[in-house]
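I have placed the structure first, in the form of structure tokens, so that the comments after it can refer back to it.
Here, each number is a calculation from the coordinates, and none is a lab measurement. Note that the structure is predicted; figures quoted are calculated from it, not measured. Positions of Cβ are generated from backbone atoms using ideal geometry, with glycine treated the same way; all protein chains shown enter the neighbour counts.
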Amino acid sequence: MTTEVVRVEGLTKTFGSAHALNGLDLHVTPGEVHAFLGPNGAGKSTTIRVLLGLLKKTAGTVELLGGDPWSQAPALHRRLAYVPGDVTLWPNLSGGEIIDLMGRLRGGLDEARRAELIERFALDPAKKARTYSKGNRQKVALVAAFAARAELMILDEPTSGLDPLMEEVFTQCLAEAKAAGTSILLSSHILSEVDRVADAVTIIKDGATVETGSLDSLRHLSRTRVEATLARPVDLAGTAGVHDLQADGDRVSFSVEASDLGRILGELAAAGPTSLTSRPPTLEELFLRHYDTAGAVR
Amino acid sequence: MTGLLPTLRLVVRRDRIQLVVWLLLYVAMAASAYSTAKTNYADQASLDSAARAASENPSLVAMFGPVYSATTGAVGMIKMVVMMAAALGLLTGLLVIRHTRADEESGRREMLGASAIDRTAPPIAALIESTALSLAIGVFSALVLVGMGADAQGSIMFGALWAFTGIAFAAFALLCAQLTEGARAARGLFAVGLGAAYLLRAVGDVSVIRTDGTLPAEPGWESWLSPLGWAQQIRPFADDRPWPILLLLAASVALTAVALRIAAQRDLGAGLIPVGRGRERGSALLGSVEALTWRLHRGQLIGWSVGMLAVGLAFGGMGSAIDSLAGNEGTREMLERLGGSGSNLLDIFFGAEFSIMGMAIAALGISIVNTACSEETSGRAEYLLSGPVPRLRWYASHLTAAVVATSIASLALGVGVTLTAGRQLIVPALAALPAVWVITAIAALAGAISARWASVGWIVLALCVTTMIADVLKLPDWVAKISPFKHVATQPGATVLTGATVALVVIAAVGLIAAALSESRRDLAA
């Protein structure tokens with residue numbers, strides 16, 4: 001039996017009369033990269049703070065690495081690393097000092113890995129934190145987290161201040177951590193980044209889980225986008241199962257449900273396609289299905 | 001100037017409530033002090049004896065300055081002149097730093113700077129706000145005093161004293177805000193300047209104390225080095241001298257000009273005092289939550305210890321001037337009036353000063369326990385506590401730091417006094433600590449209940465300071481007795497270990513332990 005790294009069931013958290021979390025479920029299995037998605041204010045950071053034992057749950061079940069995050073926080077934290085969404089550091093300490101402090105609190109850090117990560121993230125560790133930009137503060141927390149070689153990493157929108165080059169470094173580091181067996185909970189609203197690295201996804205809205213599963217299983221729920229150039233024009237406007245049709249001369253593009261894909265492709269083949277591309281739905285599209293109340297994607 | 005008006009509007013909008021409160025508070029204080037004097041001193045004989053008593057008591061002179069004339073205004077307003085002018089300077093100075101360096105540090109200024117405003121618009125707006133507040137307090141206080149039947153010229157001079165002191169320290173704060181990169185450092189620099197001004201004036205006043213029945217002539221030269229000394233030398237309701245106002249005004253203009261010159265030329269976020277590079281690696285000592293806490297408070301503790309040592313040296317030095325008064329007949333009479341049987345003038349002086357400096361050291365205690373709150377609200381505590389750090393241990397480290405730091409600062413004060421007074425005064429200096437710890441514990445409890453209640457400690461400390469002028473504010477007797485500083489044995493030779501002292505230590509200990517336990521049981525603020 002595999003024990004889950006994170007097991008959250010029916011989690012409720014209220015602040016006074018405001019309900020931040022309303023029966024949220026979240027399951028992270030060992031070794032997976034689990035994307036935790038939701039719009040701003042959905043409750044991602046609140047969930048993470050409950051997982052870190054910084055907030056007390058109101059109701060529900062929360063288990064972190066097999067323990068209770070509130071009462072066993074220090075012992076559990078030895079096995080995890082965290083990068084906050086908005087990294088604030090001690091202004092008078094240098095980045096190097098902060099990385100070493102966080103490492104020593106955990107009982108030492110991997111020296112070679114520390115040096116390598118500072119190099120790869122192009123971080124100047126001798127600068128006082130006061131003078132770091134947002135991106136550089138984030139790099140300090142990322143270096144400290146990746147150098148920790150933890151069992152579980154909790155990353156709250158970790159790339160929001162990084163430039164594309166550094167995002168690439170981050171993605172590599174994430175892949176390495178995953179290869180080393182680290183479980184990763186990655187909260188984000190930048191979908192393209194988790195699209196590439198995530199194994200599983202939990203989407204939340206208004207403090208409750210609306211969708212969860214492996215990325216592959218979720219893709220089945222969504223439509224494939226098809227673009228084709230056709231020898232003979234064909235009118236798909238009335239065809240059942242075709243959505244968001246755009247026709248421009250001999251070029252057509254549309255979305256199609258997985259169950260209708262075969263039938264529609266048959267019709268296209270009859271029209272003599274000279275080129276055909278199809279791509280799976282991006283997380284963006286999965287995401288919008290749940291949030292876009294106007295239904296623009298439908 | 002581009003963008004001055006919108007900036008000014010924003011500044012006033014953020015402060016509108018406190019501006020009104022401060023204005024009303026100051027005018028009410030002036031009115032209350034004068035009305036108390038009118039009832040207490042019905043005839044000239046009572047004024048004469050009150051003026052003499054106040055001008056001959058070194059602890060009162062050090063705190064409030066001498067009384068320059070036996071008039072209702074001069075006697076009645078004595079507690080308002082230097083002390084409340086300095087308090088107003090503190091207020092305007094902190095307001096200026098709040099709208100300049102603090103905004104810059106938090107990044108709010110950057111958002112503002114991206115819109116169409118001049119680089120010097122925010123500092124000028126902050127200065128205008130403080131200047132307007134100072135002038136309003138001065139004008140309305142003068143009007144109310146005249147309305148109550150006080151001498152018109154004296155009232156105007158009194159109002160001017162408050163107004164121009166407030167403006168001068170706002171200008172000084174404006175300069176401080178240009179020099180350092182951090183708001184905390186700017187506030188520290190400002191506080192050192194204000195404290196030095198107060199101390200220099202105290203030294204100048206105490207050095208010329210007479211006990212032959214005449215009122216003092218000119219203060220010692222030290223007073224002329226201090227803007228608070230200049231303000232005092234306006235001598236409202238006595239000589240009503242307008243020319244020291246020019247000194248204050250000239251200083252304000254000069255400080256503002258230098259500050260704006262720097263503001264116009266420096267980079268956003270930069271200070272004149274550059275931030276050096278840090279260490280590439282953490283020292284081997286920086287490996288625990290306690291080490292981090294020590295690191296966060298180290299600079300502040302060193303600054304306070306040096307400051308308290310300097311204050312102690314100055315007080316001890318004043319002792320010799322006071323000692324020469326002790327054989328005097330008039331002084332002995334005064335001692336008897338004060339009920340000081342068995343103690344001498346110098347002991348009373350030191351006892352009062354140790355108690356007052358205890359209030360200053362309580363500010364250090366509050367500042368340290370409040371650091372835990374700001375660590376929390378800034379998100380740094382969240383990051384730290386994501387490591388294997390027990391919440392209780394983290395919070396307790398700050399409380400311990402407050403107790404230790406206040407002890408070290410008190411020790412520095414005692415050592416300073418001992419060095420120049422030529423006798424052991426360390427124990428009486430330390431005797432104020434139980435009161436300091438009670439205030440610290442109250443601040444800690446408030447912060448433990450909610451990180452947003454960090455200001456409770458400051459309010460409690462302000463109330464303790466206010467008890468010093470409880471008599472002129474016509475507050476009931478029990479109000480003055482609430483202050484824990486009224487119950488400590490700081491007078492040299494007094495028994496330190498009294499029931500009251502033990503009670504204070506117990507209250508402080510219970511408060512600190514309760515704070516530590518309740519903090520780690522609640523949600524972390526984010």
For the ranges B:55-63, B:485-493, what's the packing order if you count other beta-carbon atoms within 10 Å of each residue, average per peptide, and put the highest first? B:55-63, B:485-493
Calculate the mean, over all residues of peptide A:97-107, of how many other protein chain Cβ atoms lie within 10 angstrom of the residue's Cβ. 6
Each label point is 7 Å from the Cα along the Cα-to-Cβ direction; what then is the distance between the points at A:D250 and B:M111, in nm? 5.5
For the range B:1-272, what's the relative contact order in percent, using C-alpha pairs closer than 8 Å and at least 6 residues apart? 25
Please list the helices of chain B that count as membrane-span-like by this rule: a mean Kyte-Doolittle hydropathy of at least -0.5 together with Cα atoms stretching 20 Å or more along the helix axis, each helix being a complete DSSP H run. B:4-40, B:78-99, B:121-147, B:152-179, B:183-206, B:243-265, B:289-323, B:345-378, B:391-421, B:433-449, B:499-519
Given the -39500 (n - 2.57) contribution per DSSP H run of 4+ residues, what per-residue ellipticity at 222 nm results for chain B, rounded to the nearest 500 deg cm²/dmol? -24000 deg cm²/dmol
Just list whichever of B:K79/B:K481; A:K57/A:K205; A:K139/A:K178; B:K38/B:K474; B:K38/B:K486; A:K13/A:K178 have alpha carbons separated by over 21 Å in the model shown. B:K38/B:K486; A:K13/A:K178
Candidates A:G31, A:G16, A:G85; GNM for chain A (alpha-carbon contacts under 10 Å) flags as most fluctuating A:G16
Under the definition of partner shielding as Cβ atoms of other protein chains within 10 Å of a residue Cβ, what is the mean value for peptide A:55-63? 1
Rounded to 0.05, the calculated FRET efficiency for the beta carbons of A:A122 and A:R232 at R₀ = 51 Å is 0.40
Using packing as a proxy for protection, rank B:377-390, B:247-260, B:36-49 so that the peptide with the highest average count of other Cβ atoms within 10 Å comes first. B:377-390, B:247-260, B:36-49
What FRET efficiency do you get for B:L272 and B:T498 if R0 is 51 Å and r is their Cβ-Cβ distance, rounded to the nearest 0.05? 0.55
Dividing the mean separation of Cα pairs under 8 Å (6+ apart) by the residue count of chain B yields a relative contact order in percent of 15
Give me the net charge of B:A401's neighbourhood, meaning all other residues with Cβ under 11 Å from the Cβ of B:A401; Lys, Arg count +1, Asp, Glu -1. +1
What are the membrane-span-like helices in chain A by this rule: whole DSSP H runs, Cα extent along the axis at least 24 Å, mean Kyte-Doolittle hydropathy at least 1.0? none
Relative contact order (%) - criterion: Cα under 8 Å, at least six apart; region: chain A: 20
If every Lys and Arg gets +1 and every Asp and Glu gets -1 at its Cβ, then about the Cα centre the range A:130-246 yields a dipole, in debye to the nearest 20, of 240
Average partner coverage of A:74-80, which counts Cβ from other chains inside 10 Å: 3
When the helices in chain A are scored as -39500 (n - 2.57) per DSSP H run of 4 or longer and the sum is shared across all residues, what 222 nm value do you end up with, to the nearest 500 deg cm²/dmol? -9000 deg cm²/dmol
Within-13-Å neighbourhood charge of A:E116 [Cβ basis; K, R +1; D, E -1]: 0
Could you work out the local net charge near B:L524, counting Lys and Arg as +1, Asp and Glu as -1, over the other residues with Cβ closer than 14 Å to its Cβ? +4
Estimate the FRET efficiency between B:E290 and A:D163 by the formula 1/(1 + (r/R0)^6), using the beta-carbon distance for r and 35 Å for R0, to the nearest 0.05. 0.40
With +1 on each Lys and Arg Cβ and -1 on each Asp and Glu Cβ, how big is the dipole of the range B:114-230 about its Cα centre, in debye rounded to the nearest 20? 280
